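Working notes for the structure below.
The values are calculated or read from the model by the stated rules, or taken from the named source; none is laboratory data. Worth saying up front: this structure is predicted, and the values here are computed from it rather than measured. Glycine also receives a Cβ, built like all others from the backbone with ideal geometry; neighbour counts cover every protein chain displayed. Side chains included, ligands, DNA and RNA excluded: accessible areas come from the protein's heavy atoms. Shrake-Rupley method; radii C 1.70, N 1.55, O 1.52, S 1.80 Å.
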Amino acid sequence: MTSYRLPQGGLIDRSKPLSFAFDGKPMLGFEGDSLASALLANGCRLVGRSFKYHRPRGILTAGAAEPNALMTIGRGARTEPNIRATMQELHAGLEARSQNRWPSLAFDIGALNGLLSPFLGAGFYYKTFMWPAAFWEKVYEPFIRRAAGLGKATHEADPDSYDKRWAHCDLLVIGAGPAGLAAALTAARAGARIIVADEQAMAGGTLLSETATIGGEPAPAFARQCIAELQSLPNVTMLTRTTVFGWYDGNVFGAVERVQKHVAEPVSSVPVERLWRIIAKGAILASGAEERPLVFGGNDIPGVMMAGAMRSYLNRHAVAPGRSTAIFTTNDSGYALARNLEEKGIDVTAIIDPRENGGETYTGKARLLRNAMVTDAHGGKSLSAIDIRTGNGTERLKVDALAMSGGFSPIIHLACHRGGKPVWSDETSAFLPPAGLQGLEPAGAACGLIDLAACLADGAQRGADLAVSLGFAATPATFGAIAGDASATPAKVLWSTPGARGKAFVDYQNDVHSKDLGLAVKEGYGHVELAKRYTTSGMATDQGKLSNLNAIGLLAEARGVSPAEVGTTTFRPFYTPVSFGALSGASHGRHFQPVRRSPLHGWAERHGAVFVETGLWYRSAWFPRQGEQGWRESVDREVLNVRSNAGICDVSMLGKIEICGPDAAELLNRVYCNAFLKLPVGKARYGLMLREDGMIYDDGTTNRIAENRFFMTTTTAHAAGVLNHLEFCAQTLWPELDVRLASVTDQWAQMAIAGPKSRKILQTIIDEDIGNEAFPYLCARDVSLFGGALQGRLFRISFSGELAYELAVPAAFGDDVAEALMEAGRTDGLMPYGVEALSVLRIEKGHVTHNEINGTVVPTDLGFGRMASTAKPDFIGKAMLQREGLTAADRPRLVGVVPLDPGHSFRSGAHILAKHAAATLENDQGYVTSSAFSPHIGSTIGLALVKRGNERHGEEVTIWNGLRDEFTAARLCAPIFFDPANERLHG
Amino acid sequence: MRYSALSLLWNGLRGNRDWKPAWRQPQPKPHYDVIIVGGGGHGLATAYYLAKEFGIANIAVLEKNYIGSGNVGRNTTIIRSNYLLPGNNPFYELSMKLWEGLERDFNFNAMVSQRGVLNLYHSDAQRDANMRRGNAMRLHGVDAELLDTDEVRRMVPFLDFDNARFPIKGGLLQRRGGTVRHDAVAWGYARGADSRDVDIIQGCEVTGIRRENGRVTGVETSRGFIGCGKLALAAAGNSSQVARMADLKLPLESHVLQAFVSEGLKPFIDGVITFGAGHFYVSQSDKGGLVFGGDIDGYNSYAQRGNLATVEHVAEAGKAMIPALSRLRVLRSWGGIMDMSMDGSPIIDRTLIDNLYLNAGWCYGGFKATPASGFCFAHLIARNAPHETATAFRLDRFQRGYLIDEKGQGAQPNLH
Amino acid sequence: MASLVPCPHCGSRPKEEFTVKGAALKRPSPEAGADAWFDYVYLRDNPRGGYEEYWHHTAGCRRWLIVDRDTATHQVTSCRDAASASAKEHGA
């Protein structure tokens, strides 16, 4: 391949050569190159294959809209598909690979699809592949799926880190081209806090590719001066390589900064990308304009390029587009390119302009063909000739590069993210941003302005206006006289070239050509949204940046209406694609969610606990001992030990709420369905909390510490929800109640000490007498520990059914107290037990948890019918409890269930059928809510919700687990398996 | 014109000049026997089945925008029948069975693709809940398999098995679940209905419901008054707005749900996978984009656009489930308006007004229900009696206490 | 919503700090009857436009607020403390 690099010029650093590879072929570029410019400089034209027809494709643009030059870069876990070569900065060692071709880019079997194209028009797949039915998943679809898609992603985990940041500013300037720089300078000089975000590595936008001078300075130098001034100001944050991708409610902008996407080896201490959430009082949208392709036959052949892109590669990267060039333009921007090409000694064969009088100031050597159009380009993998139709007929020109410019479409993406509709302008033949946006002011080319002077002036004016509206004394920045800029004539509308013989592409990447849009209209899919969905035009990775307006124009022509009537499809985030990594920030892997550790976590860990995730908590599940075979053995030991000696269990993660104030009792009385007004000081009571719809929401014990002070415990799962609920009740329903609420979950370490020897053990560290007389069941009082060294709270409550206590001590002392108890209980066989044993113990006693409180049960269902007070005039949930469906006789009711043969077992989630009944939905009687092996019963036991279950104790049923092909003959029974008279807890 | 490989070949050879419109653009007639408000999936399916299965001839579908402009065109395309409660389960299985024969029934390839739906679980409690659900499915003859960690790993080895905050303990798999090309569902039903003389009237917004003596006589629209014998509402997120025209207040809130698509990729994920430790579900379209979503934003909205914080939450959950997603890029997000009901289940019922019928409350599960919703709604409209699989979807169930609450969250739509 | 909610106690704060409950409705009296309760618990105006709803500043001042918000534009027009708001209603 020959070099297309010009001997001088450009903003590249020729002292810093960079070696890289494309499809394994080594190449050289320079610092300042994009991957695209470097490929072009190396004469590499064929860079990709299209989606459907696998047509050879070259580099079309020099920016974010690139539809063709998508490549896979990186290796292993850092593989990234679909990288736009136009946006990827070149770095040493960069490895790029082409996509969607087999076996090679130059020879791609998929190109055979092109021969079948008459049968592969828009939506062809909706009309076939339906027979035989089984063929879709087995034959057609696997083939289609393999053929479709772009790059191949890795399944390896990403080794790099990401970060998020919030920022607040007076003014966010989006895009640091002429208008953006002018706005930023204006507002910055006035003292406003400014963030300037630009997607390129170097700010300046089109100034970097411009050959005009401003006040005598070449445009790139002018840009550097502006940037230098901005960077010197303390109130300005310049963010390059940063794309503002979305405009959200509240004038919040999402932006992604590519911190280390341009380096060979990212530094591990720095994120590779950073997500910015920018909250701006005002914002300037200076996103510029997108040049439109022209729709003629073969407009996708490598060598055909956007005129602005060609100019950018020429001026900014010093890359020649070819040996002989033609320019097809409907506006005067093509002539600026012609001048630049000729200045650099590149032959411009012809300028083809469909207007009658375009390019009047052009004085170069190129043939000027007015009233002319390019109908077809030829050349396969590289452009070789073009067909031109003029008033005098058709002529073929041999060229190896063709620039095209169909006019400019303002980049209004962000301006439409919040529901505003673009406005068609006949004058500029483009859609302009919606009028009257709040907080976002489009400026410069984004509002349809074309020439440099107008863009600079507009940016300065709008920057000043916004700054003034925010209270700053700002006057628009002024700049020196501009020389050598292209004159600004509007483009002639030309949605497609009539008489094209080859495929004339509208959406390059998705291979949508002009006939597809015609077919869509013919078949009834003429609405712009239907046409998009039917043809896939505008649905590629560039989201129609290049194609949408041409598609709209073609639809308008086919339907015989104006583009205004056709309208646009909806602009939605993201402006350009954003990685999952950036959106996730530091949240991934083990850091996906925070971890909550109990104050007794260390204690449990030292005693060998196996932990289990419970919401955000890690709870000790069981405490294996040497020689134990499997978890069941440990759990059985823990259960038996609680029933025979004593166990200690961490219950710190239960929600704990203090409720204070003269009306605290009244509040509790209204939020629990059972009575709380007369709960004596020093006593605990089990409470049942309903939702307003009558279903049980949560349960727990609450004790009265003092007349106006209560201590509530909630389930672990609803700790936060219950507090929200109480606050809702106190603040919105009954603000007249004088009550205060505080979460104290994290303030207390709480441990259950359960078993016949629990009192004896506890008494060794508690100063007060906790004998049965002095401290009876449901007693709850502050206690003194270790001879007054520590104050704690002791509750005589029992989840296990044993003589049991819960002891709460300030969190920081939890570990020491637990260890002290372990020491005190050593001779009495005190052992830690975990939630698995706790679960066995509570199932043996028929105590419910959220397995049973499943959000669809009312108190009666669980045997709590009498708790729902009939005496109280009001409590949350009372009004709806009497509904027919909630009092129906065949509601599921809590029962116990045991296998007929103790050797058989069953699982939670199994369903219950009447004995001998067929396994059908109609015969479904309920399901097992909780199950465990009870070492006391010597078999599996379970709790279940069964239709009329309370009336069916003793009935033989089948426990059916179709997922495991298990059938267990079982008997329903009362939901209590151990000490039904509750004698032990009073002992 | 019947679609087939042969018709494609024939038209291709003739330069694709002879294709006919998939549906007509008729002028509204003064009166229809049945008017369906809403040209989305459910409304079009209702019209199709009314005409095809229930012999009703004179039908119009009124759509204020273009057909399929609502949720049928902006969802994550998942179909499944992995429901728990007896009120839901047979209905969604009917829907699955209709999906399985749909394309040949309406002669349009909607790419019904049964590549499986896998719901992951991460704790014993979730396993038990999935066990209960899977067994409920099996009781009705719906396919369900409960996988353990190793089985999930063999199926999708690239999930985070080694470094997860909430380790994957297994999953509930419905192999018959999968995805469908969503727009094609609207188009296929529209074309099928149109070919049976249903008038599909786009760009026709209903602005009022005219009533006389307690009966609906017709609708005021942006294209004038149109009379009807029966009026059927299938207006999804706009149900409350339309019902208000008949002085009905519904047990619904309209919420925004966002969904997303990534850049196109070569095959990366085969079936649908749902995370159990955060709100995230993902599949890959035949075109190559990863289609994914999460939870509703959580506030009432008619704006069809969502919030950045929700986008971040979804991405976080996605990366937690599949670490390799990290370097892949999200192309587009969109928002749909969900008619969230007060128990999370839909309503297909008559109303207090004799000839006014309601189909609403689909929450974020309306797409998979499309065929059964249309079929059962058509049954109700034609026969004035609910279809046997839809008897539980009564409007008065809230008042009477017969709720169908799969999640057990109660009358709080943003928790369903 | 908005991305930001103007909490009367804490100032403009990101939406993620809040929990949304839904329509700000007045709870009926216990004797109001089944219809009034059904309406309160289950029926919603669900308007397209202005809407008063309960938001809880969960990760902030923990006050329940009444946010007046447009469901079509997401514009927040007012945000006040629920207790003082209803106190006003009771006291007037």
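For the reader, a short list of remarks on this structure follows.
- For the stretch C:28-67, the tally of residues that are open to solvent by 40 Å² or more (accessible area, probe 1.4 Å) and either part of a strand (DSSP E or B) or under 22 Å from residue B:236 (Cα atoms) (or both) stands at 5.
- Qualifying residues in the stretch A:108-134 (those that are more than 9 Å from every other protein chain (Cβ to nearest Cβ) and outside any loop (DSSP other than H, G, I, E, B)) - the one most open to solvent (accessible area, probe 1.4 Å): A:115
- Note on the stretch A:758-772: among residues that are part of a loop (DSSP other than H, G, I, E, B) and polar (S, T, N, Q), the one that is least open to solvent (accessible area, probe 1.4 Å) is A:772.
- All positions within the stretch A:52-111 that are modelled with pLDDT under 95, in contact with a helix residue (DSSP H, G or I) (Cβ under 8 Å, 6 or more places away or on another chain) and hydrophobic (A, V, I, L, M, F, W, C): A:102
- Residue within the stretch A:225-246 that is small (Gly, Ala, Ser), open to solvent by less than 10 Å² (accessible area, probe 1.4 Å), closer than 30 Å to residue B:326 by Cα and within 14 Å of chain C (Cβ to nearest Cβ) present: yes
- Residue that is farthest from the other protein chains (Cβ to nearest Cβ) [pool: residues in the stretch B:239-275 that are open to solvent by 10 Å² or more (accessible area, probe 1.4 Å), under 26 Å from residue B:397 (Cα atoms) and not in a loop (DSSP other than H, G, I, E, B)]: B:257
- For the stretch A:590-614, the set of residues classified as part of a helix (DSSP H, G or I) and among the charged types (D, E, K, R) consists of A:590, A:605, A:606, listed by residue number.
- Across the stretch A:136-193, the number of residues qualifying as under 20 Å from residue A:255 (Cα atoms), of a type in the set (D, E, K, R) and within 14 Å of another protein chain (Cβ to nearest Cβ) comes to 4.
- Flag: residue A:816 matches the condition of being in a helix (DSSP H, G or I) and open to solvent by 10 Å² or more (accessible area, probe 1.4 Å).
- Take the conditions (1) crowded, with 19+ Cβ neighbours inside 10 Å; (2) more than 16 Å from residue A:672 (Cβ to Cβ); (3) within 9 Å of another protein chain (Cβ to nearest Cβ); (4) not basic (Lys, Arg); residue A:888 misses just one of them, which is (1).
- The residue pairs whose first member lies in the stretch A:508-528 and is under 30 Å from residue A:305 (Cβ atoms), whose second member is of a type in the set (Lys, Arg), and whose beta carbons are closer than 8 Å, counting only pairs six or more residues apart or on different chains, are A:508/A:57; A:510/A:52; A:511/A:52; A:511/A:55; A:513/A:503; A:515/A:503; A:521/A:559.
- Spans of strands (runs of 3 or more DSSP E) in the stretch A:26-100 with at least 2 residues surrounded by 24 or more Cβ atoms within 10 Å (Cβ to Cβ), away from every other protein chain (no Cβ under 13 Å) and without any contact (Cβ under 8 Å) to a residue 60 or more places away in the chain: none
- Per-region count, the stretch A:894-920, residues aromatic (Phe, Trp, Tyr) and over 19 Å from residue A:844 (Cα atoms): 0
- Evaluation of residue B:309 against the conditions (1) under 22 Å from residue B:71 (Cβ atoms); (2) in contact with a helix residue (DSSP H, G or I) (Cβ under 7 Å, 6 or more places away or on another chain) shows that the sole unmet condition is (1).
- Residue among B:159, B:172, B:118, B:147 that is touching a strand residue (DSSP E or B) at 6+ places or on another chain (Cβ under 9 Å), within 9 Å of chain A (Cβ to nearest Cβ) and of a type outside the set (S, T, N, Q): B:172
- Residue in the stretch C:28-59 that is farthest from the chain's Cα centre (by Cα), counting only those that are of a type in the set (S, T, N, Q) and away from chain B (no Cβ under 11 Å): C:29
- The number of residues in the stretch A:543-591 that are open to solvent by 30 Å² or more (accessible area, probe 1.4 Å), within 15 Å of the chain's Cα centre (by Cα) and modelled with pLDDT of 95 or more comes to 1.
- Qualifying residue in the stretch A:460-471 (condition: open to solvent by 10 Å² or more (accessible area, probe 1.4 Å) and farther than 25 Å from residue A:418 by Cα): yes
- Residues in the stretch B:169-196 that are open to solvent by 10 Å² or more (accessible area, probe 1.4 Å) and either among the polar types (S, T, N, Q) or in a strand (DSSP E or B) (or both): B:179, B:195.
- When A:801, A:721, A:814 are screened for being free of Cβ contacts under 8 Å to residues at least 40 places away in the same chain and not aliphatic (A, V, I, L, M), only A:721 passes.
- When B:62, B:98 are checked against the criterion of being of a type in the set (A, V, I, L, M), open to solvent by less than 10 Å² (accessible area, probe 1.4 Å) and at pLDDT 95 or above, a single residue qualifies: B:62.
- Qualifying residue in the stretch A:191-206 (condition: part of a helix (DSSP H, G or I), modelled with pLDDT of 95 or more and buried (at least 19 other Cβ atoms within 10 Å of the Cβ)): yes
- The helices (runs of 4 or more DSSP H) falling completely within the stretch A:540-584 that include 3 or more residues that are in contact with a strand residue (DSSP E or B) (Cβ under 9 Å, 6 or more places away or on another chain) and closer than 22 Å to residue A:418 by Cβ map to A:548-559.
- Residue-level check: of (1) outside any strand (DSSP E or B); (2) away from chain A (no Cβ under 11 Å); (3) open to solvent by 30 Å² or more (accessible area, probe 1.4 Å); (4) free of Cβ contacts under 8 Å to residues at least 40 places away in the same chain, residue C:25 misses just (2).
- Test: residue in the stretch A:687-706 that is within 14 Å of another protein chain (Cβ to nearest Cβ), crowded, with 20+ Cβ neighbours inside 10 Å and touching a Cys at 6+ places or on another chain (Cβ under 6 Å): yes
- If you go through the stretch A:626-657 and keep only what is within 29 Å of residue A:595 (Cα to Cα), in a strand (DSSP E or B) and not charged (D, E, K, R), you end up with A:647, A:648, A:649, A:655, A:657.
- Considering A:170, A:160, the condition of being in contact with a Pro (Cβ under 8 Å, 6 or more places away or on another chain) and among the charged types (D, E, K, R) is satisfied by A:160 alone.
- Conditions (1) more than 22 Å from residue A:129 (Cα to Cα); (2) among the aromatic types (Phe, Trp, Tyr); (3) facing chain A (nearest Cβ under 9 Å); number of the one not met by residue B:49: (3)
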